[in-house]
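> Let me give you the structure first, and then I'll get to my questions.
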Amino acid sequence: MQENYDVVIVGAGPAGISTACLLAEKGIKTIVIERGEYPGAKNISGGVLYGHDLAAIIPDFTKKNCPIERNIIESRLWFLAQTGGYSLSFRDRAFHEKQAFNAFTVGRARFDRWFAEQAKEKGVLVVCSTVVTDLLRDSNKRVIGVTTDRPQGDLKAKVVVLADGINSPLAAKTGFRPEPKPSHIALAVKEVIELPEEIINERFNTETEHGVTIEIIGEITRGMDGIAVIYTNKNSLSLCIGANLSDFMESKVKPYEMLEEFKQHPMVGPFIKDGRAKEYMAHWIAEGGYETIPQLYGDGYLIAGDSGMLFNALHREGSNMAMTSGRFAAETIVEALAKDDFSRKTLAGYVSRLQNSYVIKDLKKYRRFNAFRLQHHELFTTLPRLGTFAAQEMLTVDGVPKKEKQKAIWKKVRKEISLFSMIRLLWKGWRSVK
Amino acid sequence: MPENSKGIEVAEILPDKCIGCQICVAECPVGAIEMSNGVALIDPEVCIGCGECFEVCPVEAIKFEKKGRAKKMRKPEEVSEGALAGYQGVAVFIESVNGHGATVSWELVGKAKELAEKLNTRVIGFLLGHEVNDIAREAIAYGCDDVHVIDDPFLKTYLSKPYGKALTDLCKKVKPEICLIGATPVGRDLAGIVATNLETGLTADCTGLDIEEGKNLLLMTRPTFGGNIMATIFCEHHRPQMSTVRPRVFKTPEKNTARTGNTYHNGFEPPDAKLPELIDFIKDVAAGDGVDITRFPALVVAGKGACDLETMPLLEELAGLIGGLVACSRPVVEAGLMPYERQVGQTGKTVAPKLYLGIGVSGAVQHLVGMQGSEKIIAVNADPKAPIFNVADVGIIGDYKKVVPLLIEQLKKTIQRN
Amino acid sequence: MHFICCIKQVPDTSKVKIDPETNTLIRSGVESIANPYDMVALEAALTLKDTYGGIVTVLSMGPPQAEQVLREAVSLGADEAILLSDRAFAGADTLATSYALTKAIEKLAQKTPVDIVCCGKQAIDGDTAQVGPGIATRLGYTQFTYVTEIKEIDTINARITVKRKVEGGSEIIRGPLPAVLTVELELAKPRRASLPRLIHSLKSEVSLWNAAAIHGDNQKLGLKGSPTWVKKIFSPPLKEGGPRFDAREKPRQAVEDCLKTLLADETFAFQFLNQWGR
C-alpha cells in the first residue's frame, strides 16, 4: 500500500496548513503529518492571528465559520514596576470598519483544527498522532521523504516541508537547524482565565465582538528579558508571561511563580478578578530573530514558520510569518513541480520570496533587538522603577512644591543610572529597531 | 434570551453542564439539536422555540426562559396503568455461592424489606440451583416472605442461558414490580439477559434505592459518567423495575431463623440450545493467596501519591499493625504495583472496612464511591485540597514518606501501651 | 469467518474534573474517544482474523461525529465500518441500544453469516455492561462476559473456548458459535496502526445506516424504546470532613494528634486495640 506523494508536510500548524491548502488547490498530492492527537492539540487558547496573511490562504475565511474570538480594536502597552505602571493605548474605528480582522484572537486548539478542516476539504490528507522521526535521503543526500514512528512508516515525496515548530526534534536531528541556544528562545507560561462575556466587555470597554491586546514589559519579569501579554477572548482572557530561557536558567525563577505574581499585580488583578483558571501550559517562542534563521531550503526540502525561527519578537508576530512563509513554500513548490526539479537551485526561490516580503525585511530591521534587550536588563528593572517613582511623586498631592519633587526625582534617577548610559541605551535601542 | 433571525426566542445549551445524554436530540420536534464533540448543539435557525428540550433535560443544561413555560418532568405517555397493576412484590435474586446465599443477596433482601414496607407489599426471593433448600430457609430467615425456587440439576452451576431463561420464567409467572440483583459477575451477566427478555428497564450498579412517594416508583441512584456524577433513574411504564446493586452498599439484615415464610417450587423447561461446557476453574492467585479485600476489617490504601516500590513494604508493615491489608486505588494497579484484585473504587471493589487508611489517595469520585461506607477514614496526603479530606474523619497533611514511618512508630507504642 | 465489533464513542471520563467550588462537572475540553474496552474487543477481533482469516466489521451507534472511532478501527485493520446514526436512535438506553445494534447485526448476517460479536465489557461513561448481554439474548448467540483470553476456535465443530473472570477466579469455558464476547482490558493491548492503513482509513467510507436501513420497529428505538428515564443528575454532596493535622512542619505532633483524635472514639478504640476481636 506504499504510496508516493508530491509533498509531505511535517506539522499541521499555521505554516504547514497554509502550504497544504495552496498546494491542494493546484491539485498537488499533499499529506500533512502531525504529532498531536489533532491539529492544535499541542497549543492552547490565546493567540493573535492576522487577517491579511490568512486571507492570502483562505480569502473568505470570515464567511467560513473561522473560530474568531474577538476582533482586536485596541492595543495597549504597559510599562510596569512592582507597584504600578504606565499605560499607553491606541484604539481606532478603522479596526472595526475597513480594517476589521486586521488582527484577531483565536483559541489555537480550535483554530488549528478549523484551519486543517479547510485543507482537508481541499483534498489534503492530515495524519495525526504520528511523529516524523527522520528524513529519507537518496545516495546524493537529497531529501526524498520521511520516516515516521508507525509500522511501515516511510513516506516518499518530491518535496518535504518542515513546519513542525520551534520545538522540532527533527530539525535538530537532521542538522538542518542548529539546536537553538537558550538565549534565542523564550520560555512562556500561559493561563486562560474564564470570565463571563459581559464582564470582559465591561472591564475592557468593548463590545462582544471586539477585543483588546495588552503587551507588558517591566519589573514583572523580575529583571529578566521578557514580556507579558493579556489577550481578550470571547469569554476568557489569555495571560502569558515569558522571558528569555538563558535568563531563567541564570535567575532560577520559576515561571509559574512569576505568572502568579503577575496575576496579583495591581494593574492586572482587577481584570481577572473572580475568573477561573481553565488551562495552563508552558511553551517556547523563537525569538532569536534574523541572526538565528537557518538555511531554509536544500535539495528536496523547505523550512517554514517557527521551525525556521521566523518570529518577530518585538511585535509578537509569529503566526502571520508562519502563514506567509507557508504560502511562499507552496508557490515555490508549484514552480518546482512545473519544472520537475526539486534541487536546491529551484527551491532557492523560496528564500528570495521571503527576502522580498515583509518577513525577512522586518526580521532584518529588528536584527539587533534581541541582543539589545539581553544586554540591557535595566529595561526590566531600573527604568520602570524610576518611571513609576517619578509619576507617583508628581501625582501625589502632599504640599511639596513640584519643583522640589522634580529635583528629588532627578537626584534619584542620576543615582541609579548615569546620563551617559541613559543616552547610550536610547541610542542603541533606537538603532536596534530602526 | 437570544433570538434567531426570525425573531424566535431560542433555547441555548450550556456546554459545561451537558452530559451528552441526547434526550433533547430525540425530543426536538424539528431536529434542531445535534451532538458535537459529546455535547448537544442547538441550531438557532432551525429551533422553533418550543422548549421541549428544556423540559426533558435532566441536568438543566438548557437555557430557555420563554414566559409561561414551567419545567415539568417529562411528557406523559399513553400506557394503561392497569397492565402495571398486576405486578406486585419486591423480588431479590438469591445468588448461591458454594451452597450458601451470597452476602449481597441478603443485603438486598434487607433493602427489599424496607422498600416493600413503603409499598405495602411482600418480599420475594428468586432462587435457582440444585439442592438449594437450605438457602431457601436462609432467605426466609433474612426477610423473604415468599421464596420461589427452581431446583433442577440443570442449574447446578451458573450458565447464562439456562439461568437467564429460569429467572425470566419466574418473573413472568410471579410478576414482581421490582426485581433486584446483586452486581456480582453472575448478577451482571444475568440481569441483562432477563431485562432484554422481559423488555423492561434495567439500571446497573446502583448505590441507592428508594420509593418515590405518591407514584410508588423505584428511584435508582447510581454513579455515572465515569463515577463523576450521580444519576437517579426510574422506569415508569415497564415492569418489573430492575436494578443491579453493588455489594456492600446496604447493610446485611439480622438473621432470624424463627421467621416463617412460603416456599414455592417451580418446574423448569431447559432451553433447547447447545450450551457451553465448563472445562476448568482457576482459583485466583493474582493477589497472592486469593485474598478478598472486602473481607478485611482494616485497609491501608495506597494512592497515586504513594505509588512507588520502596514504600510498599512500609505500607505492608502498617497494614499488619492495624490488623488489615494493603489495597490501592486505580493508578497503582495501572502502574503495575498491585494486582487488580486489590483495587478499591468504581472499577475495582467496593469496600466498607472499620478502618480505612488512605496514603496518597487524592480521592477522585470514582474512588470515593468505593469506600465511602467505611466506618473510620484516615487520609494522608500532601495536598491540603485533596478531596479525600472531605470524607475523612481525620486527616494528616504531609509527605507520606515522612508520615508513614511516624505512624508505624507511634502505633507500635500505642499498641504496646495497651 | 465474520467478526463484528461494537464500538461506542464516549467522552474521555478520565479527564473530567469536578469544580471544587461549585461541585459540578467541568465538561468543556473533554475529548471524545473510542471506549477503551471496545478497542480491546477490536484487537481481539483483529487477532482472530489474523489467525483464522475472515473479515472484521465494526459497528457503532451515535451522532455523525462517531464515525471518527470507526475510522480509527479501520486504521487498525477493520474491513468495513457502519455507523447507525439517526435522530430516531437518540436518547437510547441499554435496551434500545441493544435492539438497534441487533437489527444491524442481523442485516449484516444476511450478507455474511456472523460468527463472533466482540464488545467491550462496559463503556467508561455509563459502566452498565448491559448492551453485550442484550445483543446476545436478542440474537440467541452464546454469551461470554468478562473474557480475559480467547483460547481457541474450533472451526470444524464451530466452538470457541475462552477464559473468563468469575467470582474468586477464572473459568475456562467452551461453547457453540455464534457467540457474543464482552472483554476485559487485560485481554489484549490494542495495536498501533501502520502508516499505510492510517492513510487508508482517512480515505475510506463509513456507511451510514438510519432507522429505515435496519428495518427496526420505531417504537423500540431511541428514547421511545427506552424504559428507563433519568430523573435527575447531581454531584455527590460535598462533605466537610474531620480535623486535619498539618505534618509539613511538625510531623511528629501531627501524627500524634491524629491518632489521639481517632482513638477518642472509645468503641472504635476498643475494637481497634483488640485487633477487631480476633
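> Cα convex hull of the range A:213-287: mean projected area in nm², to one decimal?
Working: hull surface 20.6 nm².
Over every viewing direction, the Cα hull of the range A:213-287 projects on average to 5.2 nm².
> So if I take the centroid of the Cα atoms in the range A:374-434 and the same for the range A:262-320, what is the distance between those two points in Å?
Centre-to-centre (Cα) distance: 29 Å.
> When chain C is modelled as a GNM with alpha-carbon springs shorter than 10 Å, which of C:VAL147, C:VAL183, C:VAL230 fluctuates the most?
C:VAL230
> Given the options B:PRO384, A:MET224, B:ILE19, identify the residue whose Cα lies farthest towards the positive end of the charge dipole of the protein assembly as shown (+1 on Cβ of Lys, Arg; -1 on Cβ of Asp, Glu).
So the residue we want is A:MET224.
> Most exposed first by the Cβ proxy, i.e. fewest other Cβ within 10 Å, how do A:GLU219, A:GLU393 rank?
Working: A:GLU219 21, A:GLU393 17.
Ordered by Cβ neighbours within 10 Å, fewest first: A:GLU393, A:GLU219.
> Moving to a separate point now. I'd like to compare B:373-383, C:203-213: which one has the highest average count of other Cβ atoms within 10 Å, and what's the full order after that?
Values: B:373-383: 22.7, C:203-213: 14.6.
Packing proxy ranking, top to bottom: B:373-383, C:203-213.
> Next question. Order of A:ARG150, A:ARG431 from fewest to most other C-beta atoms within 10 Å? Walk me through the intermediate numbers first.
Numbers: A:ARG150 23, A:ARG431 11.
With the sparsest Cβ surroundings first, the list reads A:ARG431, A:ARG150.
> Which of A:LYS141/A:LYS345; B:LYS113/B:LYS255; B:LYS349/C:LYS232; A:LYS365/A:LYS411; B:LYS274/C:LYS165; A:LYS263/B:LYS17 have a Cα-Cα distance over 24 Å?
On the way: A:LYS141/A:LYS345 15 Å; B:LYS113/B:LYS255 13 Å; B:LYS349/C:LYS232 26 Å; A:LYS365/A:LYS411 36 Å; B:LYS274/C:LYS165 22 Å; A:LYS263/B:LYS17 28 Å.
Over 24 Å apart, Cα to Cα: B:LYS349/C:LYS232; A:LYS365/A:LYS411; A:LYS263/B:LYS17.
> Let me ask you something else. As an exercise, use a Förster radius of 22 Å and the Cβ-Cβ distance of C:GLN275 and B:GLU375 to find the FRET efficiency, rounded to the nearest 0.05. Working shown, then result.
Numbers: r = 15 Å, r/R0 = 0.69.
About 0.90, to the nearest 0.05.
> Taking the beta-carbon count within 10 Å as an exposure proxy, list A:ILE303, A:ILE200 from fewest neighbours to most. Provide the component values of the computation, followed by the final result.
Working: A:ILE303 29, A:ILE200 24.
Ordered from fewest to most neighbouring Cβ atoms within 10 Å, A:ILE303, A:ILE200 come out as A:ILE200, A:ILE303.
> Let me ask you something else. Given points 7 Å out from each Cα along the Cα-Cβ axis, report the A:GLN392 to A:THR208 separation in nanometres with one decimal.
Going from the A:GLN392 label point to the A:THR208 one covers 4.1 nm.
> Quote to one decimal, in nm, the extra length available between C:THR47 and C:ALA213 on full extension: 0.36 nm per residue of separation minus the C-alpha distance between them. Display every interim value, and only then the final one.
On the way: separation 166, 0.36 × 166 = 59.76 nm, distance 2.99 nm.
Here the answer is 56.8 nm.
> Something else about it: Going Cα to Cα from A:LYS415, which aspartates and glutamates come in below 20 Å? Please leave out same-chain ones fewer than 8 positions away.
Of all the aspartates and glutamates, those that pass the test against A:LYS415 - Cα under 20 Å, at least 8 places apart if same chain - are A:GLU219, A:GLU378, A:GLU393, A:GLU404.
> Check every DSSP H run in chain C and write down those whose alpha carbon atoms cover 15 angstrom or more along the long axis and whose mean Kyte-Doolittle hydropathy is -1.0 or greater.
The answer, listed by residue number, is C:36-52, C:94-111, C:251-263.
> Here's something else I'd like to know. For chain B, what is the calculated [θ] at 222 nm in deg cm²/dmol (nearest 500), taking -39500 (n - 2.57) for each run of four or more DSSP H residues and dividing by its residue count?
-8000 deg cm²/dmol
> Quick one: Karplus J couplings for the range B:387-396, per residue in order, coefficients 6.51, -1.76, 1.60, θ = phi - 60°, nearest Hz, x for Gly and Pro?
Per-residue couplings from phi come out as x, 4, 4, 5, 10, 7, 6, 9, x, 10 Hz.
> Now, a different point. How large is the translational diffusion coefficient of chain C in µm² per second when you combine the Kirkwood radius over alpha carbon pairs with Stokes-Einstein at 10 °C and 1.306 mPa s? Before the final figure, lay out the partial values.
Details: Rh = 21.4 Å.
Result for D is 74 µm²/s.
> Right, something else. Between C:LEU202 and B:ILE279, how many nm apart are label points set 7 Å from Cα along the C-beta direction?
About 4.4 nm separates the two model spin labels.
> Let's see if you can work this out: charge +1 on each Lys and Arg Cβ, -1 on each Asp and Glu Cβ, no other charges. What is the dipole magnitude of the range A:1-157 about its Cα centre, in debye to the nearest 20?
Values: 21 positive and 18 negative charges, 37 e Å.
Its charge dipole is roughly 180 debye.
> Lys/Arg Cβ at +1, Asp/Glu Cβ at -1, dipole of chain A taken about the Cα centre: which of A:SER307, A:VAL161, A:ASN201 is farthest positive-ward?
Projecting each Cα onto the dipole axis, the largest value belongs to A:SER307.
> Gaussian network model of chain B, Cα springs within a sub-10 Å range: biggest mean-square fluctuation belongs to which of B:GLU131, B:GLU316, B:GLU65?
Comparing B:GLU131, B:GLU316, B:GLU65 in the GNM, the peak value goes to B:GLU65.
> Now a separate question. Considering every residue in B:314-325, what mean count of other chain Cβ atoms within 10 Å of its Cβ is obtained? Provide the component values of the computation, followed by the final result.
Working: counts 0, 0, 0, 0, 0, 0, 0, 1, 3, 8, 2, 0.
That works out to 1 on average.
> How large is the dipole of the protein assembly as shown about the Cα centre if only Lys and Arg carry +1 and Asp and Glu carry -1, each at its Cβ, rounded to the nearest 20 debye?
Details: 139 positive and 139 negative charges, 702 e Å.
Here the protein assembly as shown has a charge dipole of around 3380 debye.
> Assuming R0 = 30 Å, can you tell me the calculated FRET efficiency for the pair C:ARG191 and A:SER357, based on Cβ-Cβ distance, to the nearest 0.05?
On the way: r = 46 Å, r/R0 = 1.54.
The value I calculate is 0.05.
> Is there a simple number for the mean count of other chain Cβ atoms within 10 Å of the Cβ of residues in C:191-203, and what is it?
Numbers: counts 1, 6, 6, 6, 17, 9, 4, 11, 9, 2, 1, 6, 1.
Average neighbour count from other chains, rounded to a whole number: 6.
> What whole number of Å gives the distance from the Cα centroid of the range B:389-415 to the Cα centroid of the range C:218-278?
That distance is 17 Å.
> Moving on to the next point. Sticking with the crude label model, points 7 Å out along Cα→Cβ, report the distance from B:LYS255 to C:THR112 in nm, one decimal please.
5.5
> If you don't mind, there's one more thing I want to ask. Just to be sure I understand: with springs between alpha-carbon atoms less than 10 Å apart, which residue in A:LEU419, A:LEU80, A:LEU302 has the highest mean-square fluctuation in the Gaussian network model of chain A?
So, out of A:LEU419, A:LEU80, A:LEU302, the one fluctuating most is A:LEU419.
> Moving on. Under 20 Å Cα-Cα from A:LYS412, which lysines qualify once same-chain neighbours fewer than 8 residues away are excluded?
A:LYS402, A:LYS403
> Excluding residues on the same chain fewer than 8 positions from A:LYS29, give the aspartates and glutamates whose Cα lies under 15 Å from its Cα.
Within the straight-line cut-off, A:LYS29 pairs with A:GLU3, A:ASP6, A:GLU121, A:GLU331, A:GLU335, A:ASP340.
> Return the average number of partner chain Cβ atoms within 10 angstrom of each residue Cβ along peptide B:184-190.
5
Readers should treat all values here as calculations from the given coordinates under stated rules, not as data from a laboratory. No experiment lies behind these values; they were computed from the predicted model shown. Cβ sites come from the backbone with ideal geometry, for glycine too, and all protein chains shown count toward neighbours.
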